[in-house]
Amino acid sequence: MHPPRGETIRSIADGLLSGARVPEGSTLTCGMQVELWQRAVHDFLSTPSVSWTIFFLRAGILAYAVYHRSQIKANEKLAWTGLRIRALWAFRGHPAEHQWKGCLHMESLAIRQAQAHDAWAVAVQRRDYYAEETGRSAIADDFMDQMSTFVRRAIENRDEMIWIAEDQGRLVSTAWVIPIRKVPWPDPWVTRWAYVTDVYTYPPYRGRGIGAQLMRRVQQWAHDERLEFLILWPSDASLRWYGRLGFRADPEALVWRPPSESASTADEPTAHAHTIGLRALGDDTQDWERLAQWFASPSVREFYREDPDIPRIQAKFSPRTQADSRVRPRVIVYDGTAVGYAQFYPLTDADIRAYQLPTTMRWGGFDLLVGDQDLWGRGIGQAVVRQLLGELAGLGLSHVAIDTACRNFRAIGLYHKMGFEMERILKDWEHGQNHLVMTCHLDESQGSAR
């Protein structure tokens, strides 16, 4: 006979703390695994003398023992794998409202619109979102009361729609949808669009498709309600994720922001006024070192695979600084500081054939990169593209073609905004990546795309 469940768990947990193995013949259900693991993790972290090395060593022993010594069904093994990650996160000081317990089975996931009684849980989620984004856990004493009241009134007044995903009754993901009414148009009769914001999933539940399921439910609701479109402002990290959900950059929107309050007179530049320009790449050590630094940046290397070795950079780019070079290299200058690299050139016949473009037109191309990721989203790319188009028009070219990685949604959105059209996809074009060819027609009088 097997000992009672509580005795089994206690003996195994105590044995593991002392380095023992799971007794032969022990049978652990998924629920018993959860309870055992949580007890073990809690005991480990509540003991000041235990080191992280010992903790992870014993955690591995526990996982090995349960996997190899216990009789567990296949679906319980899968749940157990995810549980280890969630348990580690849960016991490292996360708010008491979210001590994750139990196995996540996708069939237990529920997606619905929040009700008034969900106001406190949504407020807690907002607080945790703030803590993760800013790294600061301290908030005003009355924030939770004010936020829960705000959420409750928004739900009751139908001002905002808050979609939530729950795992066995616990809120794990949210998406706020704010419908915007518009002046009706006779045909078709469309009166609303919506702004999507605060899409957030708790860290232990990421990578499981929960956020994607939640957003697809929002998209289905928008379709059923005949909304004209959904709009959102993504972070850099979320651009690809939204791209996989079908969101695309739109060139129609214009944004105006009021002047900075720090500007004392109307004649003074605002906080948004910056100088963005191009200068010729110098055939000198200083510019070679800049290129090496930019090419070595992980954010650049993801899409722009140039060797950051300085002698090789000099050997490749030095000939381009000569007056008779087909490729014209430029350094991007932002408020007097070199921040990136750009180049423009007429396309060769081989380029035109590779892009499968009409041979009767005068084609040009360009490349650009901003080396410091902190400067992304400041309008530098848009200003530089505009200048590059002017340079190409000055060479007497009529059309421009560029290629970019299909997963580089930021670049694709920028080029689409500047008037480029998608032409075709080139399979395994560069470093095993598929690239998208985009083209535009140059307005020679203004050096802009149309």
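Quick look at the numbers
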{"read-out": "Test result for Leu357, surrounded by 20 or more Cβ atoms within 10 Å (Cβ to Cβ) and of a type outside the set (Phe, Trp, Tyr)", "value": "no"}
{"read-out": "Qualifying residue in region 236-244 (condition: assigned to a strand (DSSP E or B) and at pLDDT 85 or above)", "value": "no"}
{"read-out": "Among the residues listed as Asp351, Asp367, the single one being assigned to a strand (DSSP E or B) and out of contact with any helix residue (DSSP H, G or I) (no Cβ under 7 Å at 6 or more places or on another chain)", "value": "Asp367"}
{"read-out": "Of the criteria (1) at pLDDT 90 or above; (2) surrounded by fewer than 14 Cβ atoms within 10 Å (Cβ to Cβ); (3) under 26 Å from Asp287 (Cβ atoms), which one Asp374 fails", "value": "(1)"}
{"read-out": "Selected residue (only one of Pro329, Pro319, Pro346 is of a type outside the set (A, V, I, L, M, F, W, C), in contact (Cβ under 8 Å) with a residue 12 or more places away in the chain and surrounded by fewer than 19 Cβ atoms within 10 Å (Cβ to Cβ))", "value": "Pro346"}
{"read-out": "Matching residues in region 326-348 - criterion: being assigned to a strand (DSSP E or B), aliphatic (A, V, I, L, M) and closer than 23 Å to Trp429 by Cβ", "value": "Ala342"}
{"read-out": "Residue satisfying all of: in region 117-145; farther than 23 Å from Gly209 by Cα and loosely packed, with under 12 Cβ neighbours inside 10 Å; nearest to the chain's Cα centre (by Cα) among these", "value": "Thr134"}
{"read-out": "Check on Tyr200, among the hydroxyl-bearing types (Ser, Thr, Tyr), touching a residue at least 40 places away in the same chain (Cβ under 8 Å), part of a strand (DSSP E or B) and surrounded by 11 or more Cβ atoms within 10 Å (Cβ to Cβ)", "value": "yes"}
{"read-out": "Unmet requirement for Val384, which otherwise passes all of (1) in a loop (DSSP other than H, G, I, E, B); (2) under 16 Å from Arg330 (Cα atoms); (3) of a type in the set (A, V, I, L, M)", "value": "(1)"}
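The values are calculated or read from the model by the stated rules, or taken from the named source; none is laboratory data. Being a predicted model, the structure only gives us computed values, none of them experimental. Using ideal geometry, Cβ is built from the backbone for each residue, glycine included, and neighbour counts are taken over all protein chains shown.
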